[in-house]
Structures are given as structure tokens and as C-alpha cells.
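Contents: one structure, followed by commentary.
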Amino acid sequence: MPFTKFLHNSYCYWPAKPKKVIEFIGGSYLASKPNITYKRLIETFTKKNYAVHAYQYLPQFDHQELAIKAWKDLKNCKRTLVKRLNEEISTVRVGHSLGCKLHLISPDGGRNCEKFISISFNNFGANESIPFLKNLSKNFEFKSEFSPSPKKTLEIIEKTYIQNNNLLIKFDSDKLDQTDSLLSSLRIRNYDNSKGVLLKGNHTLVASAGLR
């Protein structure tokens, strides 16, 4: 069993000699307890001798602020792991749903990882993501949107995200997935090496407490 520790808002799972570290950010409310909601996925990684830093957060409208905080916290987790191992270790970033967006708009533009794996990328606006908000908008002329907005998010990816090695996973029964728009934005960039994969399943397939 890997050594487990809660550090910098992250559940850290450290095998004795991990070959890489996976920085994982889950989707919206699922990420409030990633040690439970993504238990099966985390166990799969650790059994293959990957260290895992599973980030914990609560959703908010300012996604950019969330992304910056997650990036800083995960960087501190890795610094602690490197000190523990007394050697450098490469990083793979993995995101699910909203977690993909938070990785993609991180301050370093994907510089400090060797690749990024996106699972069920979601970039809906606030009205689509929060059902009651749409009714409030109509009835009380209340307007609110995530920052950055869906359109602005794709623009940021096209202009500032520099990681070329990206694997984008989508599922055939996932009605919340917006991987196609992400893949189009990534491929606009020079030297892009992004690839898409279609698998059987739905949006929450990877979010399992080990019951399936």
C-alpha cells in the first residue's frame, strides 16, 4: 500500500519508488472528496506504481482563481515528494470534466508536465451547469457567468496553453462532453500533437467509489 497523506488540499498517495507523479483534478462537486469519488481510478494508478496527488476543491464561479490555487498547491505537493525521494520525478496531469479546464488554464500553460490527459472535458456556461441559475436569470434579470467564460476558455487554450502532448478521452454515452471543441482549439496551435480516443461509457464512469 502507498504512503498516504493530506497535504496542500490534496490527497497524496506515494509508492516507495514511483515512476511518475499524476496530478489529478476531478469534476465540480465530485472533487470535494476525491479520495472517495475517484477511489477506483486512484487505486488503478497507484497499482501501476504512479504517485497520485488528487486535488480537493469546492466549485465557484471564478475558475481562473481555482486554477491558480490548484496549480500552486499541486506544485507544493510535488516539491514535498521530490524532497522525500531526493530526486526529480516527471509529472503527468489528468483532469475529469471541470478538472480538465482547471489544468488547461493553469498559470504555466502546461509547461511543467510531460503530458496532459483529459477525461470528459466540460466547458458549459453557468446557466447550463447550474439548473436553477437559468430560472433566476429569466425571472430576476440576474446574470452571472463563470470566469473565464466558455468562449474565453477556448481562446486562452489557443493562445497561452503550450503543452503539445495531450490525450483527450470521451465516452460514447456522455451528453455532457465537449471534447470535440477542445480538440479543435488545441489543433489550431503550431506543433500540436493532441489525440482523441472514444471509449464506451458515460460522464461519471471514472468517478466511482469502487462499487462498479
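The values are calculated or read from the model by the stated rules, or taken from the named source; none is laboratory data. None of the values given here were measured: they were computed from a predicted structure. Using ideal geometry, Cβ is built from the backbone for each residue, glycine included, and neighbour counts are taken over all protein chains shown. The area values use the complete protein model at the heavy-atom level, side chains included, leaving out ligands, DNA and RNA. Shrake-Rupley method; radii C 1.70, N 1.55, O 1.52, S 1.80 Å.
With the Kirkwood sum run over all distinct C-alpha pairs, the range 78-125 has a hydrodynamic radius of 11.9 Å. Rounded to the nearest angstrom and listed largest first, the equivalent-ellipsoid semi-axes of the chain from its Cα gyration tensor are 28, 19, 17.
Return one whole number: the accessible area per residue of the range 1-126 in Å², for a 1.4 Å probe. Display every interim value, and only then the final one.
Details: 5550 Å² over 126 residues.
That works out to 44 Å² per residue.
A simple spin-label model places the labels of Lys152 and Gln60 1.5 nm from each other, with each point 7 Å out along Cα-to-Cβ. Could you sort out which of Lys69/Lys151; Lys17/Lys101; Lys39/Lys75; Lys5/Lys39; Lys170/Lys200; Lys17/Lys83 sit more than 19 Å apart by Cα distance in this structure? Pairs exceeding the cut-off: Lys69/Lys151; Lys17/Lys101; Lys39/Lys75. Full extension of the chain segment joining Lys33 with Phe6 gains 8.6 nm, where the gain is 0.36 nm per residue of separation less the Cα-Cα distance. Over all other residues within a Cβ to Cβ distance under 10 Å of Leu183, the charged ones net out to +1, with Lys and Arg as +1 and Asp and Glu as -1.
Rounded to the nearest 500, what is the 222 nm mean residue ellipticity of the chain from helices alone, with -39500 (n - 2.57) per DSSP H run of 4+ residues and division by all residues? Numbers along the way, then the final one.
Numbers: 8 runs with 77 residues, N = 212.
That calculation yields -10500 deg cm²/dmol at 222 nm.
Highest mean first, what order results for 18-30, 188-200, 169-181, 103-115 on Cβ atoms within 10 Å? The partial results should precede the final answer.
Details: 18-30: 21.8, 188-200: 12.3, 169-181: 17.0, 103-115: 18.7.
For the peptides 18-30, 188-200, 169-181, 103-115, the packing ranking is 18-30, 103-115, 169-181, 188-200.
Averaged over residues, the count of other Cβ atoms within 10 Å places the peptides 95-102, 160-167 in the sequence 95-102, 160-167, highest first. Taking every alpha-carbon pair under 8 Å whose residues sit at least 6 apart, the chain reaches a relative contact order of 21 percent. Taking each residue as 0.36 nm, the span from Glu87 to Glu114 lengthens on full extension beyond its C-alpha to C-alpha distance by 8.1 nm.
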